[in-house]
Amino acid sequence: MKSEKETWVIVMLCLAVFFGSLSGGVTAILVSGTTGIFSAVGRDLVGALSEQAGLQALQAEEQATIAVVQSVTPSVVSILIEETALDGQRYEVGGGTGFFVSADGLILTNKHVVSDDVASYVVVTSDGVEHDATVLAKDLFLDLAVVKIDGSDYQAVSLGDSDALKIGQTVIAIGNSLAEFENSATKGIISGIDRTITAGSWMSGDEEVIEQAIQTDAAINQGNSGGPLINLKSEVIGINTAISVEGQSLGFAIPINVAKSVISDVIAEGRIVRPWLGVRYNMIDKELKQEFDLTESQGALIMLEDSGSGDTVIDGSPADKAGLKPGDVIIFVDGVALSNQHSLGIVINQYDPGDVIVLLIHRDGQEQTISVTLEEVDTSKL
């Protein structure tokens, strides 16, 4: 018969083995002669500890989310759209979101938020103070714009790396939902990357193709446009831009890496500097290939003049000067193959005005190479 001292030693060893194995995953608890007693105790303890560990993990995630929202919210602003009535009074007709990208009041938002040239814009900071805003620049090619308010010492956001995003990654959206509920925060994951969508503005009625979009299931509502999509490092990785009216939990954001050149251009030059080729085109897909009986499966088709789009090789543009024609298919730019995931616009935007590029094109069944000197387009006039 074992002494009381011996029995106590067995019990302590059992618990020590259990806790030591917990981090690696407990599979069994074996104690000679006491299996029935301690297996039951072990199951109860495993369940209790697993539940506790799960609760602690949820609490840690919750605290991390709260910390991110609290750290970024001072950088997020509501943008109110106001129009002047016949009686001279200004009335709010809509709203969106933006966020500070510099301490001296530069704010990044969507172009469609500030698209009305006759409207006035008021920025409401997180402390509830209203500021008259000036639209400094609108991007011709991207749904991005920069506005400014007077003042200093604003809290600018930290910019992340949208090229490093992974599907399943946790993200948080902050915005002025329905132009009424400012600093609304929602949480979700990255559902997809490199999406190409056609988005329409309910305010202007314009449609715009957005490439390389980030897809998220974080709730994005009207009024959230221009707000930040944030990772758990409190870094902005996207600009919330569009939602699907046909599906649920389908929101889209412009990657922040695409917007970084816009920010740096406005800070350095006071305007957005973009290279310009000067063609209207469609990227080739199965439907386009069949419609025009094309031999090419990929590339950028310069639209025909009778497509209803006006001049498809714009007079006086770099493309016009280089001799590009409607119906040409651009296959390569400096050896880079064009595709629906790597469109002509995306490739051209990687260059600077003044750069010389070499295009490989198909014209009338023949390959040709054409050199084009890119020029700067004045986006403020377009």
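The values are calculated or read from the model by the stated rules, or taken from the named source; none is laboratory data. Note that this is a predicted model, so its numbers are computed, not measured. Positions of Cβ are backbone-derived with ideal geometry, glycine not excepted, and every protein chain shown enters the neighbour counts.
Go through the range 310-324 and count every residue that is in a loop (DSSP other than H, G, I, E, B) and either surrounded by fewer than 16 Cβ atoms within 10 Å (Cβ to Cβ) or under 32 Å from the mean Cα position of the chain (by Cα) (or both).
8
A quick yes/no check of all residues on (1) surrounded by fewer than 15 Cβ atoms within 10 Å (Cβ to Cβ); (2) at pLDDT 95 or above; (3) in contact with a Leu (Cβ under 9 Å, 6 or more places away or on another chain):
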site	(1), (2), (3)
148	no, yes, yes
153	yes, no, no
157	no, yes, yes
160	no, yes, no
168	yes, yes, no
171	no, yes, yes
176	no, no, yes
179	no, no, yes
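Suppose we keep only residues that are outside any loop (DSSP other than H, G, I, E, B) and over 22 Å from residue 355 (Cβ atoms) within the range 300-309. Which one would you say is modelled with the lowest pLDDT?
307
Within the range 311-319, can one find any residue that is of a type in the set (S, T, N, Q), farther than 23 Å from residue 259 by Cα and either touching a strand residue (DSSP E or B) at 6+ places or on another chain (Cβ under 8 Å) or at pLDDT 90 or above (or both)?
yes
What's the number of the condition residue 74 fails, among (1) at pLDDT 95 or above; (2) surrounded by 18 or more Cβ atoms within 10 Å (Cβ to Cβ); (3) of a type outside the set (D, E, K, R)?
Status for residue 74: all satisfied but (2).
What residue, of 278, 316, 299, 238, is more than 28 Å from residue 330 (Cα to Cα) and either in contact with a Ser or Thr (Cβ under 7 Å, 6 or more places away or on another chain) or not assigned by TED's automatic domain parsing to the domain that holds residue 64 (or both)?
Result: 238 is the single residue among 278, 316, 299, 238 that is more than 28 Å from residue 330 (Cα to Cα) and either in contact with a Ser or Thr (Cβ under 7 Å, 6 or more places away or on another chain) or not assigned by TED's automatic domain parsing to the domain that holds residue 64 (or both).
Taking residue 187, is it farther than 22 Å from residue 260 by Cβ, in contact with a strand residue (DSSP E or B) (Cβ under 7 Å, 6 or more places away or on another chain) and basic (Lys, Arg)?
Yes; evaluated as a whole, the condition is true for this residue.
So, of the residues in the range 213-270 that are in a loop (DSSP other than H, G, I, E, B), among the aliphatic types (A, V, I, L, M) and in contact (Cβ under 8 Å) with a residue 24 or more places away in the chain, which turns out to be surrounded by the fewest Cβ atoms within 10 Å (Cβ to Cβ)?
Looking at residues that are in a loop (DSSP other than H, G, I, E, B), among the aliphatic types (A, V, I, L, M) and in contact (Cβ under 8 Å) with a residue 24 or more places away in the chain, I get 232.
Each row is one residue, and each column tells you yes or no for (1) more than 21 Å from residue 211 (Cβ to Cβ); (2) modelled with pLDDT under 90; (3) not aliphatic (A, V, I, L, M).
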position: 249; (1), (2), (3): yes, yes, yes
position: 273; (1), (2), (3): no, yes, no
position: 289; (1), (2), (3): no, yes, yes
position: 321; (1), (2), (3): yes, no, yes
position: 336; (1), (2), (3): no, no, no
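Within the range 350-372, count every residue that is hydroxyl-bearing (Ser, Thr, Tyr), modelled with pLDDT of 95 or more and under 31 Å from the mean Cα position of the chain (by Cα).
Going through the range 350-372 one residue at a time, the tally reaches 0.
Being out of contact with any Ser or Thr (no Cβ under 9 Å at 6 or more places or on another chain), more than 14 Å from residue 264 (Cα to Cα) and in a strand (DSSP E or B) is the filter here, so list the residues in the range 145-160 that pass it.
Across the range 145-160, there are no qualifying residues.
Out of 105, 98, 94, report the one residue that is under 14 Å from the mean Cα position of the chain (by Cα) and not assigned by TED's automatic domain parsing to the domain that holds residue 193.
None of the others qualify; the one that does is 98.
Assess whether residue 288 counts as being within 23 Å of residue 194 (Cβ to Cβ) and crowded, with 18+ Cβ neighbours inside 10 Å.
Here the answer is no, as residue 288 does not meet what is asked.
Among the residues of the range 110-131, are any within 30 Å of residue 276 (Cβ to Cβ), in the same structural domain as residue 79 (by TED's automatic domain parsing), in a strand (DSSP E or B) and in contact (Cβ under 8 Å) with a residue 24 or more places away in the chain?
Yes, the conditions are met somewhere in the range 110-131.
When you go through (1) farther than 29 Å from residue 170 by Cα; (2) at pLDDT below 85 one by one for residue 92, which number turns out not to apply?
Going through the list (1) farther than 29 Å from residue 170 by Cα; (2) at pLDDT below 85, residue 92 breaks only (2).
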